[in-house]
1. Taking the criterion of being assigned to a helix (DSSP H, G or I), at pLDDT below 95, within 14 Å of chain A (Cβ to nearest Cβ) and open to solvent by less than 60 Å² (accessible area, probe 1.4 Å), would at least one residue in region B:53-72 satisfy it?
2. If a residue must be outside any loop (DSSP other than H, G, I, E, B), among the charged types (D, E, K, R) and without any contact (Cβ under 8 Å) to a residue 40 or more places away in the chain, how many such residues does region B:512-566 contain?
3. Is one or more of the residues making up region B:275-286 more than 10 Å from every other protein chain (Cβ to nearest Cβ), at pLDDT 95 or above and open to solvent by less than 10 Å² (accessible area, probe 1.4 Å)?
4. Which count do you get for residues in region A:63-87 that are open to solvent by less than 50 Å² (accessible area, probe 1.4 Å), more than 19 Å from A:Ser113 (Cα to Cα) and more than 16 Å from ligand 1 (Cβ to nearest atom)?
5. Can you list the helices (runs of 4 or more DSSP H) found entirely within region B:162-265 that contain at least 3 residues being of a type outside the set (Asp, Glu) and at positive phi?
6. Does A:Glu9 qualify as being open to solvent by 50 Å² or more (accessible area, probe 1.4 Å) and closer than 30 Å to B:Ala442 by Cβ?
7. Read through the list (1) under 21 Å from the mean Cα position of the chain (by Cα); (2) more than 14 Å from every other protein chain (Cβ to nearest Cβ), then give the number of the only condition that B:Ser17 fails.
8. Name the residues in region B:185-207 that are touching a Pro at 6+ places or on another chain (Cβ under 9 Å) and either away from ligand 1 (no atom under 12 Å from the Cβ) or hydroxyl-bearing (Ser, Thr, Tyr) (or both), would you?
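The values are calculated or read from the model by the stated rules, or taken from the named source; none is laboratory data. Quantities reported herein were computed from a predicted structural model and do not represent experimental measurements. We place every Cβ from the backbone using ideal geometry, glycine too, and count neighbours over all the protein chains shown. Calculation scope for accessible area: heavy atoms of the full protein, side chains included, ligands and nucleic acids excluded. Shrake-Rupley method; radii C 1.70, N 1.55, O 1.52, S 1.80 Å.
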Amino acid sequence: MAVKLKISEYAKNEIEKILEKFSGVQGSLIMILHAVQEKFGFLPKEVLELISEELKVPLSEIYGIATFYSYFRLEPQGKHVIRLCMGTACYVKGAADLLTALEQMGLKEGKVSEDGYFSLDLVRCIGACSMAPALMIDEEVYGKLTPNNLKKLLEDFRKENP
Amino acid sequence: MPKRAHILICAGAACISAGEESFKSALEKELKNANIFEEVKIIETGCFGTCDLGPVMVIYPEGIFYIHLKPQDAKDIVQEHLLKGRIVERLLVKEVELKKPLPNINELPFFKNQVRIALRNVGFIDPLNIEEYIARDGYSALGKVLTEMKPEEVIDEIKKSGLRGRGGAGFPTGLKWELGRKAKGDEKYIICNADEGDPGAFMDRSILEGDPHSVIEGMLIGAYAIGAKKGFIYIRAEYPLAIKRLTYALEQAKSYGLLGENILGTDFSFDIEIRIGAGAFVCGEETALIASVEGKRGMPRPRPPFPVNSGLWGKPTVINNVETWANIPEIILKGANWFSSLGTEKSKGTKVFALAGKINMTGLIEVPMGITLKEIVYDIGGGIPGGKKFKAVQIGGPAGGCIPAEYLDTPVDYESITSLGAIMGSGGLIVMDEDNCMVDVAKFFLSFTQDESCGKCVPCRVGTKRMLEILDKITDGKGEMRDLEELEELAKVVRNTSLCGLGKGAPNPVLTTLRYFRDEYIAHIRDKKCPAKVCTKLIHYEVIREECKKCSICFRNCPVGAIFKDYDGTYVIDQEKCTKCGICFQVCPFKAIKKE
Ligand SMILES: Cc1cc2nc3c(=O)[nH]c(=O)nc-3n(C[C@H](O)[C@H](O)[C@H](O)COP(=O)(O)O)c2cc1C
Ligand code: FES
C-alpha cells in the first residue's frame, strides 16, 4: 500500500479546469473541494497546496474547511467503498450488529482493508430507511441486512468484482 | 392516438434499490413482444411513499396498484392485465384484516388517510419533464403573482394561510417574509434549506427528487415577495440523485424563461444556484448554513441579528425549508382560506413524515395537522410487524424525543408535540418496539449530536460529552442512582446555555426517555440488566444443554472461536472469549441458545 503519490501534469491540468469553472463565483471553495474529490476520490495534500497558491487563500483555511466537513477525506479510499448507515432507522433495526460483523471481517471505520480492497465509512442516513438496516457499496444500496447475509453479500461481491 | 394505459412506475430511491430498473426493462420488452409498446405510456415518477412494497406501479385508467414487482412478473402484467383486462391478483396488496386483496390505489388505508399538498405531484409526474408539472397547474401560481398581485398581497396571503416553517422550529412563514421585505438592503437573498440532517428522514429528498419544480416555483414567489434577485439551494452531498434532478429542473426552467431575466415578460428577474453541503449536521442551522454557502466552516453564530436582516454576505436573507417552499404555489392558487381550513388552530395545513423503524408500512406520508400519532402509526402505518409490542415513537430527530404508548392520542401539531418534551422537527418518525432499549436510543442520539457539535460553545461541546460518559457508564453496568440526577442537571445546563439549536435540543432524547422510560434506566443501574437485551455488556449468551442437537453450526459460525465442544458433544460458550455478537443466537436452527 505504501506507494508514494505525486501530483502529475495531468492532475495539475484538471485542477486548473476546476478552478477555471468556479472563477468569479462567490464563496466557491467548498464547491471546488467537492469537484476535486469527485475527480481524485480524496483531497491530496499537494492539491490543496496548489489550490491555496492559485486562489491566494491560506492553506490553513483550506485545511480547516477540509477537516470540518466529514464528507471530505484526506486519504485515499479502498478499491470499493462500503458506507454503513448509522442513521436512526438503521440503528433501531440493528446497524450496530452489522458494524460488529464488519469489524470481525477485519474492516475498521475510516480505514482501508489490508489488501486495499474495501474501505469502510459510517454515514448517517442514505435515504434507504424503509429497507433498514442498509449500506452502500460504491453507488449501490443493499437493504434488509443481517450479520449473516452481510457476510455472504461481501463474499459474493468479491467474487463478482475481482 | 389515445393510449390503452398509462403506467406510473415509482423511481424513488427505495424502489430503485429494490430492482425498479430491471423490472421496467422487462416490462418494456414484454410490451414490445406483445406489439403494444406504442399503446402504453410508461412514466417513471418520484416516490409513491410505499417504500416497503417496492418496486411498485399503478396502471391507469383503473388505478390498479401492483407491488413487489420482479422482472418475471412483467409477462403476466402485459398478457393478463393489459391484453385481457384481468387483474393479476398475486401482485396486489393483501389487506390483512379483510383477507382480500385490494386492487385500487385509492382504497389503500395508507393513501386514504393522507392529504397531499407538498407531495401533490410526487409519484404522479415525471420529475424530469417540466411539461407534466405545468399540466398540473405548475407555474400558474407564479403567473398569478407576477400579473395580479403586489408583493405585499403575496405576503398577506401567506400570513393569512397560517403556514409555519416545516424545517423544525415552526416560525410563521408570512411573518418571516414580511421582515425580509421590510429589511433595508439593495440586494436580498432567498435560500432553500435542503440539508435534511435528521438521520432517518427523507421527506425533503423525496420532494426534490419527485417534484423539483414545486420548490423552484415556491422560491420564485418568495423572491418576488421580498424583492430578491438571487437564490441558493443548499443540499447535502449524500443526495446525488436529488442534486441531479434539481440541476436538470433548473436548466429546464431557464429554457422556459421561468428563471433568469424578465421572467414571463415582466421586469422580475431571479436566478437560483445550487450549493452542496459536505456532511455537517450543524449546517442545517440557518446561520451555519449561511457560513457554509459563503464557503466557510459551517459554524453558527448568535442571533440577533437574524438572517432576515443580516444573512448571506451580510444582506437580508429569507431562508425556508424545502417542504415550506413546496407548499407556497398551492396556497397562492387555492387561497389562504382553503389552506387554513386544514389542520388545528395554531398549526395549519399538512405535514410530511418519513415513517421508518419497526412499522409495517415504512415510507413517506403527508397528513393534515391534528391527526393523532396513533392514526399515523396504526391506520396509515399498519402497526408493528411481527406481533411485537409498540414501545415509543421518536419524533423530531436528534433534538426530538421519544413518545410512549400513553401519549399516542396526542394530535400532531407544534404545541402538543412540544408539550411532551419532543419537537415537531422536520418530519422523521421512527417507531420502536419492545426490542429497542431506550437508554441505548438516548445514547445513540447523544453520540450523534456530540459528534456533530461544531465545538464553538462550551456547554454543547463539553456538556454533551459528559452526558454521554454517564450514559456509557450506565449501559456498561457501572451506573449509580445519582447518575440520573446528574444527567438531568447537566441536560438543563446544556439546553439553557448552548449557542444554537443543536446544543439546545441535544438533551431532549435523554430528557424524554428519562421522563417516560425511567424504569429502564433503573433496571440498568440497579439490576444491571438491559430489559430489551440490547446493551452488550449487560447480556450474555448460553447454550441450553437440553436443546442442543450437537449440529456444530454455532461452533462453525462463531467469528472469535469462543465456542467449544464438551465431552458429551454439546457445545459450550466460553464467556471470557465471547464478544456477544449474537451470531450463534441467530444461526442456531433449534433455538438452543439463550440470550439473557
Ligand atoms: C442543529 C439544527 C439543524 C437544523 N437542520 C435543518 C435541516 O436539516 N433542514 C431544515 O430545513 N431546517 C433545519 N434547521 C432549522 C433551520 O435553522 C431554519 O430554522 C429553517 O431552515 C427555516 O426554515 P422554515 O422556517 O421553512 O422551517 C436546523 C436547525 C438546527 C438548530
Ligand atoms: S437511517 Fe439508514 S437509510 Fe435512513
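1. The answer is yes; a qualifying residue exists.
2. Here is the first cut: in region B:512-566, the residues outside any loop (DSSP other than H, G, I, E, B) are B:512-516, B:518-525, B:536-538, B:541-543, B:553-557, B:563-565.
Retained after the next criterion (residues that are among the charged types (D, E, K, R)): B:515, B:518-520, B:537, B:542, B:556, B:565.
Still in the list and also without any contact (Cβ under 8 Å) to a residue 40 or more places away in the chain: B:518-519, B:556, B:565.
Here the count works out to 4.
3. no
4. Residues that pass the stated criteria total 5.
5. none
6. Here the answer is no, as A:Glu9 does not meet what is asked.
7. Single failed check for B:Ser17: (2).
8. Passing the criteria: B:Gly185, B:Glu187, B:Lys188, B:Tyr189.
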